[in-house]
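Enquirer: The structure under discussion is supplied below as structure tokens; questions concerning it will follow.
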Amino acid sequence: MDELVALCKRRGFIFQSNEIYGGLQGLYDYGPLGVELKNNLKSSWWASIVYDRDDVEGLDASILTHPDVLKYSGHEDTFTDPLVDCKSCGLRFREDQVPDNCKDEDLTEPRDFNLMFQTNVGPINDGSSFAYLRPETAQQIFTNFKNVVDSTSRTLPFGIAQIGKAFRNEITPRNFIFRVREFEQMELEFFVQPGTDDVWHKEWIKNRKEWWIAQGIDSSKITILNVTGDDLAHYSKSTVDLMYEFPHGLEELEGIANRTDFDLGSHSKNQDDLNITSKVIENNSSNTKLAIQDLENKKFIVPYVIEPSAGVDRGVLAILNEAFNIEKLEDGKERLVMSFKPHLAPIKAAIIPLKKNNDTLVSTAIKLKNELQKLRLGRVVLENTGNIGKNYRKHDEIGTPICITIDFDTLEKNIVTIRNRDTMSQEKLDISKVSDYFKDLLLS
Ligand code: GAP
């Protein structure tokens, strides 16, 4: 983990947030390469969940959330972790994360600590108008269920997907970007006919594991865990976690829950008319029935929900961990190479003119850079430092799949040299064929 954290800072993937003022615990900023990697991971999820299917719509809802949403969702009462104080060192910990050097006899009895952040809304700060920063993106998908159904005429089964920030006042944020206080989620709420939920749950578990493998995660590092007992959330009939071997241990990467009709039922008015199967709090505040009409018998039913919920930041950490390789070279030296899948690589290609002071070489390199950039397949950069060896080493470390050198062969014979990050092999190619080569690399 330490080597990975050092690389992330040195090369501009991830920085401690607010660092110049000493930092704020549990918050991180994504630098020039980190933002590209993260955006690529999110785009890959969105394409697979929304564009490649015909049964999912997208949404981008607000972060500030009406307290009633989180009252009826159960978060106000149950979104807590057990907190203990150590009377000896004066620090507070989550009960299961007390360090070894705090003695049992120094610890207070655990008490519930709610993880939601609150903020004031509007100009009056008397506590009467507050909102929560959402602790999951899911709730605003549920509250928009009727809007989406009415505006798209969707019938079951169908899903609503959202990527966005979530906030949790974690008692002990730790392990770099694994457990943080501000993070992003990629969540799908997939609405199904009650009775078909178990089959859809299995289908989504399979789908999501395969997707992570396609992002470069080694399948042997993913374990499927059936969540049981007290670990099962209040809304869940059954949850499966995809556990990944992070540098610090085996931990949750994504959860896939069968949330039943709990959420739509909880946020609905006239609940008694809706045949809701789960235990919901009586709701006299909602002005809407979050139900869908059964086309055959015209009755309203509250769909069951299957929810694959993945953390973007945990995804980035897993991808960084998988990509990180230190290779022994034939000459006894080592090289650090980040072997990202090309679609996730922050920079897709570096164009390197052999001599930085040669105007013709540089202008040819700029022309090729612009041509590849216009394909809109990701970021392409011009490396005009004039040191090919150093540039190869740098681009290995940041995971650029190819470097393309413009030299005198390019000027005389239109030939460029393409150097492959993984094999370090070099091949010559006519400059007119580079666009197709680049498209093959990123689209195959
Ligand atoms: N809507 C369901 C839900 O939020 P969760 O298991 O609490 O379920 C889903 O969170 C995912 O969000 C987790 O699998 C994890 O990847 C990510 N996540 C949760 N808390 C996090 C934190 N404090 N820091 C980073 N990622 C977190």
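Enquirer: How big is segment 1-132 on each of its three principal axes, counting only the C-alpha atoms and giving the largest first in Å?
Expert: The principal-axis extents, from largest down, are 56, 45, 34 Å.
Enquirer: Right, next: Could you check the simple spin-label distance between R10 and S432, using points 7 Å along Cα→Cβ, in nm with one decimal?
Expert: 4.3 nm
Enquirer: Starting from segment 348-444, pick out the trypsin sites (Lys or Arg not before Pro) whose DSSP state is loop and whose Cβ has at most 15 other Cβ atoms within 10 Å. Please report the intermediate quantities before stating the final value.
Expert: Values: sites: K348, K355, K356, K367, K369, K374, R376, R379, K390, R393, K394, K413, R419, R421, K428, K433, K439; in loops: K355, K356, K374, R376, R421.
The qualifying sites are K355, K356, K374, R376.
Enquirer: For the pair E330/H248, report the inter-label distance in nm, with labels modelled 7 Å from Cα in the Cβ direction.
Expert: About 4.2 nm separates the two model spin labels.
Enquirer: Still on this structure: Pull up the cross-link candidates among the lysines for K289, meaning alpha carbon to alpha carbon under 29 Å and not fewer than 8 places away within one chain.
Expert: K289 reaches K71, K146, K165, K202, K237, K269, K279, K298, K299.
Enquirer: Lysines within cross-link reach of K374: Cα-Cα under 29 Å, excluding same-chain residues under 8 positions apart?
Expert: Answer for K374, where 29 Å is the Cα cut-off: K38, K42, K341, K348, K355, K356, K390, K394, K413, K428, K433, K439, listed by chain and number.
Enquirer: Still on this structure, I have one more. To the nearest 10 degrees, how steeply does helix 32-46 sit against the main Cα axis of the chain, on a 0 to 90 scale?
Expert: 60 degrees
Enquirer: Could you list H201, H66 in order of exposure, starting from the residue whose Cβ has the fewest other Cβ atoms within 10 Å? Provide the component values of the computation, followed by the final result.
Expert: Values: H201 22, H66 17.
The order, fewest Cβ neighbours first, is H66, H201.
Enquirer: Compute the separation of the alpha-carbon centres of segment 226-253 and segment 33-106 and state it in Å as a whole number.
Expert: Segment 226-253 and segment 33-106 have Cα centres separated by 13 Å.
Enquirer: Against the longest principal axis of the chain, how steep is helix 359-373, in degrees 0 to 90 to the nearest 10, with axes from Cα atoms?
Expert: Around 30 degrees separate the two axes.
Enquirer: Taking GluC sites (Glu not before Pro) as exposed when DSSP calls them loop (any state but H, G, I, E, B) and at most 13 other Cβ atoms lie within 10 Å, what is the longest stretch of the chain free of them, the sites themselves excluded? If you can, show how the numbers build up before the last one.
Expert: Values: sites that count: E282, E296, E330.
Segment 1-281 is the longest.
Enquirer: Wrap a convex hull around the Cα atoms of segment 339-444, take a quarter of its surface area, and give that in square nanometres. Write out the running numbers ahead of the final one.
Expert: Numbers: hull surface 23.1 nm².
Projected area, direction-averaged: 5.8 nm².
Enquirer: Return the percentage of antiparallel bridges among DSSP beta bridges fully within the chain, rounded to the nearest 5 %. Kindly include the intermediate steps, with their values, before the conclusion.
Expert: Working: 71 of 84 bridges.
Roughly 85 percent of the beta bridges in the chain run antiparallel, per DSSP.
Enquirer: What does the convex hull of the Cα atoms of the chain come to per residue, in Å³, rounded to a whole number? Provide the component values of the computation, followed by the final result.
Expert: Values: hull volume 88.1 nm³, N = 444.
Dividing the Cα hull volume of the chain by its residue count gives 198 Å³.
Enquirer: Taking only Cα atoms, what is the 0 to 90° angle, nearest 10, from helix 312-323's long axis to the longest principal axis of the chain?
Expert: 40 degrees
Enquirer: Pick from T400, T423, T385: which residue has the top mean-square fluctuation in a GNM of the chain where Cα pairs under 10 Å get a spring?
Expert: Of the options given, T423 has the highest mean-square fluctuation.
Enquirer: At a Förster distance of 30 Å, what's the computed FRET efficiency of E296 paired with L64, Cβ-Cβ distance as r, to 0.05?
Expert: Numbers: r = 40 Å, r/R0 = 1.33.
Calculated transfer efficiency: 0.15.
Enquirer: Any chance you could check the Cα centroid distance between segment 126-144 and segment 262-313 for me, in angstrom?
Expert: Cα centres, segment 126-144 to segment 262-313: 18 Å.
Enquirer: Over what distance in Å are the Cα centres of segment 162-178 and segment 399-427 separated?
Expert: Cα centroid to Cα centroid, the span is 41 Å.
Enquirer: Placing +1 on the Cβ of each Lys and Arg and -1 on the Cβ of each Asp and Glu in the chain, which of A6, A350, Q97 has its Cα farthest towards the positive end of the resulting dipole?
Expert: A350
Enquirer: Obtain the nm distance between the two label points defined at L27 and S128 by a simple spin-label model: each point lies 7 Å from its Cα along the Cα-to-C-beta direction.
Expert: 3.0 nm
Enquirer: Right, another one. So for the chain, taking the charge dipole from beta-carbon charges (+1 Lys/Arg, -1 Asp/Glu), which of S151, P308, N370 sits furthest toward the positive end?
Expert: The residue sitting farthest along the positive end of the dipole is N370.
The numbers here are math on the coordinates, done by the rules we state, and not lab data. As the structure is a computational prediction, the values presented were derived from the model and not from experiment. Every residue, glycine among them, receives a Cβ derived from its backbone with ideal geometry; neighbour counts consider all protein chains shown.
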